[in-house]
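Below: one structure, written as structure tokens.
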Amino acid sequence: MIRSARLFFASPVLILVAVLGLEGARTVCDDLVFTTAATQLSFWGRESYQPTVQTIDLTGQRLESLLQRSPSKPNYLAEQAYFLSWRGYASDDVAQRLAYNKSAAATQLQALEQRPAYRQGWAEMIEYSSRMSGGGEMLEQAQARFVALQPATN
């Protein structure tokens, strides 16, 4: 009888430990995927490195899969915005370039909604909105937020 009572009370704890372990493992895997994509993006356009079409597609797929699992995580959104901005920069088609730049600005804005006091995010937003057609209002808003977040000087 005592053994069954212990098992009865230990079972929920064991289940909770297993669930938390699985969630922790998923978080570690997601962080490794994110780091891989972010590292790859950091090399794009540097010196003579140009990613292959396969690398570009794989990086985009990795970011999309991360955003499917965690659609409002600001780091994932900001990296997706950088990816879209880079795609716009590398595109030879003007209409496609403008579409990528607009998507980059919209995605960066989503990231900034999660962390509005992130000054570096507003600096990126200035860059993205300056490249998009009709982004004057968004550019002014980003510049104002960037200035407002300027650290105080003594």
>> Please count how many residues of the range 94-105 are loosely packed, with under 15 Cβ neighbours inside 10 Å and in contact with a helix residue (DSSP H, G or I) (Cβ under 8 Å, 6 or more places away or on another chain).
In response: 1
>> Quick check on residue 12: is it open to solvent by 70 Å² or more (accessible area, probe 1.4 Å), modelled with pLDDT under 95, over 26 Å from residue 143 (Cα atoms) and not charged (D, E, K, R)?
In response: yes
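Per-residue answers, yes or no, for (1) open to solvent by less than 70 Å² (accessible area, probe 1.4 Å); (2) part of a helix (DSSP H, G or I); (3) at pLDDT 90 or above; (4) touching a Gly at 6+ places or on another chain (Cβ under 7 Å):
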{"position": "36", "(1), (2), (3), (4)": "yes, yes, yes, no"}
{"position": "40", "(1), (2), (3), (4)": "yes, yes, yes, no"}
{"position": "48", "(1), (2), (3), (4)": "no, no, no, no"}
{"position": "78", "(1), (2), (3), (4)": "yes, yes, yes, yes"}
{"position": "89", "(1), (2), (3), (4)": "no, yes, no, no"}
{"position": "92", "(1), (2), (3), (4)": "no, no, yes, no"}
{"position": "125", "(1), (2), (3), (4)": "yes, yes, yes, no"}
> Which one of these does residue 116 not meet: (1) free of Cβ contacts under 8 Å to residues at least 40 places away in the same chain; (2) open to solvent by less than 70 Å² (accessible area, probe 1.4 Å); (3) in a helix (DSSP H, G or I)?
Replying inline: (3)
> Are any residues in the range 58-74 open to solvent by less than 70 Å² (accessible area, probe 1.4 Å), out of contact with any Phe, Trp or Tyr (no Cβ under 8 Å at 6 or more places or on another chain) and either over 23 Å from residue 110 (Cβ atoms) or outside any loop (DSSP other than H, G, I, E, B) (or both), and if so, which ones?
Replying inline: 65
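The values are calculated or read from the model by the stated rules, or taken from the named source; none is laboratory data. Predicted, not measured: the structure shown is a model, and the values here were computed from it. Positions of Cβ are generated from backbone atoms using ideal geometry, with glycine treated the same way; all protein chains shown enter the neighbour counts. Just so you know, the surface numbers come from the protein's heavy atoms only, side chains and all, with ligands and any DNA or RNA stripped out. Shrake-Rupley method; radii C 1.70, N 1.55, O 1.52, S 1.80 Å.
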